[in-house]
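Before any comments, here is the structure.
Read the figures in this text as sums done on the coordinates, not as results from a lab. This structure is a prediction, so every number in the text was calculated from the model and none was measured. Every residue, glycine as well, gets a Cβ built from its backbone with ideal geometry; the counts of neighbours run over all protein chains shown.
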Amino acid sequence: MHHNSLVHLFEESAQKFSDNVMLRENRGDAYKEITYREALTKAKAIARGLAGLGLGRGERVALISEGRNDWVLTELAILYCGGISVPLSVKIEEPADLLFRLEHSGCKGVVVSKHHQQKVLDLLDHLTALSFVVFLDSPDGNWSNMPVAHRRKLFDIEELLYRGEQMSDNRTDVLDRIKEKLRPEDAANICYTSGTSADPKGIVLTHKNYLHNVEQASAIFDVPPWYTSLHILPWDHSFAHTVGIYSLIRNGASLASLKVGKTLTETVRNIPVCIREVRPHFLLSVPALAKNFRSSIENGVREKGPLAMWLFRLGLKIAYAYNREGHNRGEGARKLLRPLYRLFDHLLFKKVREGFGGRLEFFVGGGALLDIELQRFFYALGMPMFQGYGLTEAAPVISSNTPAFHKLGSSGKVVPWLDLKICGDDGQEKPIGEQGEIVVSGDNVMAGYWNNPSADSEALRDGWLYTGDLGYLDHEGYLYVKGRSKSLLIGSDGEKYSPEGIEEAMMEKSGFFDQVMLYNNQSPYTAGLIVINRAEVLNYLRDKGLDPATPAGQQAALHKLGFELSRFLPGGEFSGMFPQRWLPAATAFLSEPFSEKSGLMNSTMKIVRPAIHQFHKDTIAYLYTPGGKIIDNPRNGEVIATLSQ
C-alpha cells in the first residue's frame, strides 16, 4: 500500500486511466458514461462546494441514496474535505432508527436522493447539530411554511456544483492542502450495521483499512481496466463498497449503477434488463439474489416445455458429477464426462449466460452462507459464484474462493497479508480441522466502534478481531464458516450447535419452505418457525381439489409439510445430513415472512434472531406444550386457512 488515502488512490487512477469509463448511469432511456478525468473534475467541484458550506476535517456527512454516479462522487468529495462519510441504508424507514444513526454519528450534513428527502426533513427539529442538507435531485415540495432556520440549511447539488466551479483557485489550493494532510489512520467511513442484533453499532473504517483490503482483494481477483460490473447490492454495504467501488477504481475498471425505479421493488425488477444492457464481466451477489437468479433461470427453462426442463436437469446432473467441488474437477474417470458436459454447455448453458450479457465470468458471493447446491448450480452454468467471507469490521474481505483456487462448499482461502486463527472458548488456538471462533489480525481490521468502548473491548483484544463467527480451516487452507456463535442452539445438556446450515438446507431442499429459524435455549428439543411458500401450498391443494379454508384442506397441507420435514429425519431422503436432536421436533408454520419492515431481518437479509424470539415468544412457548408438538395443531391449521384470503 503506497497511498495515504482513498483520495490519493482515486487521483492516481484518474491520471493513469484518465480516458477510461469510470461510471455508467441510466436515468432515462440509456446508459451514459463519464470518464475518470471527468469524475475527478466533478468530485473536486462538489468538494469545493462542501468546503464552502463549512465541512472540515473529521466532520461527518451522511449519505442516503440509491446507487448512482453522485453517490461515489459525493463520498470522494467528503473525503477530499477531510470529512468522514456515513453511508446509510435507503431501507431505513423508522424515523427513530434514522435519527439514532444521525445523532450518534454527530453528522454535520446529509446528502440525500429524491425518494428519501422527506425522511430527513421530518427530523430537522431534532437534528440541532445539522448544518446542511444537500439534495441530489430537485427538492420535492414547497416548504414556504418551514422555519427560516431550516430553509437556510437546504441546498441543491447543482447549486453546490455551481458554487464549487465558481470558487477561486485558492479554494482548490485549500483542498490540495487538506488532501496532503490526510493520513492512512484517518477515519474514512462510519458504517452502521445491525448485524444479527437490534442494536446498531458504528464501525469506524480508516483510509488504511480500505486501501489494505482493496490490495488484498486485487491480489486474488484479476480485474483488468476493461472490466465493468453492475452494482446490484446496496452501496452502503461494506462488501459492495470495497469490492464494488474502490477495487474497481484502483484497477481503472468501470462501475454501472442500477436504473432507479419509483420504488425499491421497481428498482429490483430492473436488474435483468440492466444486466443485459451493461454486460458485466463480474457481479457481486448475496444468497437472496442468488436464489432469485436461479429461480428466474429455471422458470425460463420451464416455459420452454417439459423436454427442455428434462434436458436442463440432465445437463446439471452431468455437470455436477464432472465439476465436483471445483478444485477436483474432471479428476479420474470423471474426465470421460467432459465431452458430454461441453455438449450441454453449448446447447443449453451458453444460452443462459447470454441472458446475463454473454461475458459474465464469475460472481463473487458474500453476505451470508451460500448453500453448496447453489454454488454447484452456477458453476455448472459456467458462471461460478465464488463464495467469500468477511464482515464490516474487517473492511470486509477475509477470505474468498477465486478462479485460481476454489473449493465449493468452503469460503475460500484467507486473503494475503492477514493473519487468521481458530480459537476455542479458552482463547487457545485450535488445530487444523477443529471448529472454533474465527479471529483475525491485519491492517484491514477496523479502528473500533464509534463512541462504543464496551463493544471495542469485546471485539478487539490484543490486536485481534474476534469475529463471533464459527469455522475451521482444512489441511489445504480453505476456510469453512459454520455460523454465528450467538446464534447457537443450546441443548438441555449444554451441547451447542450452529443452526444456519440446517436452515439453509431446509429452504434449499424444499420449495414449501421460504424461511426457517430454529430455536433451542437449553430446551428438551429443538423448535422451528417456518414461513411457508404460499404459492407452493396452494398449488398442492389445488391439484388435489382441496380448499385451504376447509378442515380437509388444512389437514392435507399440514400432512404434506410434515412430510417435507420428515425428509431430514431417519429414513428420509436427507437422513444423516444433520444430527436429529437439532432438527425441529415441533414446528409453527407462519404465513407472514420475516422482513426488514418488521425488524425481523437486517439490511443484508439476515434474520435478526433476538427480534424474532421476542416477536414470536408466545408461539415458541406454545411449541413446548404437548399440543404444540402436534403438527396439525389448531394454530397451524389457522395459518393454512389464511392462505386463501
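Calculate the FRET efficiency for Thr625 and Lys32 from the Cβ-Cβ distance with a Förster distance of 56 Å, rounded to the nearest 0.05.
The pair Thr625/Lys32 has a calculated efficiency of 0.35.
Using +1 at the C-beta of Lys and Arg and -1 at the C-beta of Asp and Glu, which of Gly388, Ala459, Trp417 has the Cα lying farthest in the positive direction of the dipole of segment 281-486?
Gly388
Relative contact order for segment 457-541: what is it in percent, counting Cα pairs under 8 Å that are at least 6 residues apart?
19 percent
Take every Cα pair under 8 Å in the chain that's 6+ residues apart, average their separations, divide by the length, and report that relative contact order as a whole percent.
Relative contact order here is 10 percent.
Relative to the Cα centre, what is the charge dipole magnitude of the chain, using +1 at the beta carbon of each Lys and Arg, -1 at the beta carbon of each Asp and Glu, and rounding to the nearest 20 debye?
Magnitude of the dipole: close to 1500 debye.
Please label the shape of segment 255-298 as rounded, prolate or oblate, based on the square roots a ≥ b ≥ c of the eigenvalues of the alpha-carbon gyration tensor (a/c under 1.5 means rounded; beyond that, a/b larger than b/c means prolate, else oblate).
Because a/c hits 1.5 or more and a/b fails to exceed b/c, segment 255-298 counts as oblate.
If I compute Kirkwood radius over Cα pairs in Å from the structure I just sent, which labelled value in [x] 26.4; [y] 29.9; [z] 30.9 lines up?
The listed entry that was calculated here is [x].
Assuming a ≥ b ≥ c are the square roots of the Cα gyration tensor eigenvalues, decide whether segment 29-102 counts as rounded (a/c under 1.5), prolate (otherwise, with a/b larger than b/c) or oblate.
Oblate is the answer for segment 29-102, as a/c is 1.5 or above yet b/c matches or exceeds a/b.
Mind giving me the nanometre distance, one decimal, between the label points for Ser598 and Arg635, set 7 Å out from Cα along Cα→Cβ?
Placing both labels 7 Å beyond Cα along the Cβ direction yields 1.3 nm.
How do 247-259, 578-590 rank on mean C-beta neighbours within 10 Å, highest first?
Ranked from most to least packed, the peptides come out as 247-259, 578-590.
How much of the DSSP beta bridge set in the chain is antiparallel, as a percent to the nearest 5?
55 percent
Would you mind telling me the antiparallel percentage of the DSSP bridges in segment 488-642, rounded to 5?
The answer is about 55 percent antiparallel.
Mean residue ellipticity at 222 nm from the helices of the chain, using -39,500 (n - 2.57) per DSSP H segment of n ≥ 4 over the full residue count, to the nearest 500 deg cm²/dmol?
The per-residue figure over the chain is -11000 deg cm²/dmol.
So for the pair Ala321, Asp122, with labels modelled 7 Å out along Cα→Cβ, what separation do we get in nm?
My value for the distance between the label points is 5.8 nm.
Mind checking the full-extension length gain between Ser18 and Lys350? Use 0.36 nm per residue of separation minus the Cα-Cα distance, one decimal, nm.
Fully extending the segment from Ser18 to Lys350 adds 116.0 nm.
Compute the separation of the alpha-carbon centres of segment 527-574 and segment 232-269 and state it in Å as a whole number.
First find each Cα centre; the distance between them is then 39 Å.
Please list 69-80, 551-562, 44-55, 293-304 highest first by mean number of surrounding beta-carbon atoms within 10 Å per residue.
Put in order of decreasing packing, that is 69-80, 44-55, 551-562, 293-304.
Could you work out the local net charge near Tyr478, counting Lys and Arg as +1, Asp and Glu as -1, over the other residues with Cβ closer than 9 Å to its Cβ?
0
Can you give the FRET efficiency for Arg269 and Phe563, using 1/(1 + (r/R0)^6), R0 = 41 Å, r = Cβ-Cβ distance, to the nearest 0.05? Mind dumping the intermediate values first?
Working: r = 34 Å, r/R0 = 0.84.
Computed FRET efficiency for Arg269 and Phe563 comes out at 0.75.
Calculate the translational D of segment 281-486 in whole µm² s⁻¹ from Stokes-Einstein, where the hydrodynamic radius comes from the Kirkwood formula applied to all Cα pairs, the temperature is 37 °C and the viscosity 0.692 mPa s.
176 µm²/s
In whole Hz, what ³J(HN,Hα) sequence does segment 590-595 give by Karplus (6.51, -1.76, 1.60; θ = phi - 60°), x for Gly and Pro?
10, 9, 9, x, 5, 9
Enter the Cα centre distance for the pair segment 454-495 and segment 39-105, rounded to the nearest angstrom.
33 Å
Would you mind calculating the gained length between Lys262 and Ser492 on full extension (0.36 nm times residue separation, minus the Cα-Cα distance), in nm to one decimal? Could you put the intermediate results ahead of the total?
On the way: separation 230, 0.36 × 230 = 82.80 nm, distance 5.05 nm.
Separation in residues times 0.36 nm, less the Cα-Cα distance, equals 77.8 nm.
Going highest first, how would you order 592-598, 528-534, 387-393 by mean Cβ packing within 10 Å?
The packing order, highest mean first, is 387-393, 528-534, 592-598.
What are the ³J(HN,Hα) couplings of segment 453-470, residue after residue, when phi is run through the Karplus curve with 6.51, -1.76, 1.60 and θ = phi - 60°? Round to Hz, x for glycine and proline.
x, 5, 5, 4, 5, 6, 8, 10, 9, 6, x, 10, 9, 8, 6, x, 9, 9
Return the sequence-ordered ³J(HN,Hα) values of segment 577-584 in whole Hz as given by the Karplus equation 6.51 cos²θ - 1.76 cosθ + 1.60 applied to θ = phi - 60°, using x for Gly and Pro.
Residue by residue, segment 577-584 yields 5, 9, x, 4, 5, 9, 8, x Hz.
Sequence-distant or interchain residues sharing an amide H contact under 5 Å with Ile84, placed H: which?
Counting only residues 5 or more places away or on other chains, the set is Gly58, Glu59, Arg60, Val61.
Can you pull the one-decimal nm distance between simple spin-label points at Gln428 and Arg177, each 7 Å off the Cα toward Cβ?
The two pseudo-label positions are separated by 5.9 nm.
Classify segment 1-149 as rounded, prolate or oblate from the Cα gyration tensor: take a ≥ b ≥ c as the square roots of its eigenvalues, call it rounded if a/c is under 1.5, otherwise prolate when a/b beats b/c and oblate if not. Each step should come with its number before you reach the end.
Working: a/c = 2.08, a/b = 1.50, b/c = 1.39.
Prolate, because a/c is 1.5 or more and a/b exceeds b/c.
Based on the Cβ-Cβ distance from Thr642 to Trp417, what FRET efficiency comes out when R0 is 51 Å, to the nearest 0.05?
0.40
Only bridges with both residues in segment 281-486 count here: give the DSSP antiparallel percent, nearest 5.
75 percent
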